[in-house]
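Bear in mind that the values in this text are calculations on the coordinates, not laboratory data. What you see is a predicted model; the values in this text were computed from it and never measured. Counting neighbours? That spans all protein chains shown, and the Cβs are built from the backbone with ideal geometry, glycine included.
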Amino acid sequence: MMKVHGDFMNPTTINLVNSEVKIIYNQQGDPRDVDYFTFNVPAGSELTEIFIDSFNTTDLNNNGFIGVQSGTSFSTDENSTTAADLLGRKVFGAQDEDFNILASMGLLNGSTRYVGALPTGDYII
């Protein structure tokens, strides 16, 4: 498990090679804390799954957000990012526990979009 930090120009780097990575994210209070991490999908590989292992909230209207771009730093801060800046995104909650959300993230209207898995390359979430 690892903690990621909130600098969109200098995200936490995660190594995906032959591994399963678990990120624990905890959000309480305001202002909201946005965290960023980057990873490389090595040549000949693809990222096929992103699972929401657990989503706990006391407010059933409270949801999480995940967005993905190509590259190793986000092009804009969280207040300026639009769908056109993203490959995909998803608003998720407890209903998404134990489901692979990667493919559904690529369905964002107005985004670059992708279908299925993420191919070889650098990405930031």
- Message: Neighbour counts of other C-beta atoms within 10 Å: give me Glu49, Glu78 arranged from fewest to most.
- Response: Glu49, Glu78
- Charge context of Ile101, other residues only, Cβ under 12 angstrom, K/R +1, D/E -1: -3
- Query: Taking neighbour counts of Cβ atoms within 10 Å as a proxy for exposure, in what order, fewest first, do Val34, Val115 appear?
  - Reply: Val115, Val34
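Tell me the Kirkwood hydrodynamic radius of segment 60-112 in angstroms, computed as one over the mean inverse distance between distinct C-alpha pairs.
Numbers: mean 1/r = 0.0838 Å⁻¹.
Computed over Cα pairs of segment 60-112, the Kirkwood hydrodynamic radius comes out at 11.9 Å.
Distances longer than 19 Å among the Cα atoms of segment 34-86: what percent of all pairs is that?
Working: 631 of 1378 pairs.
Here the long-distance tail beyond 19 Å is 46 percent of all Cα pairs in segment 34-86.
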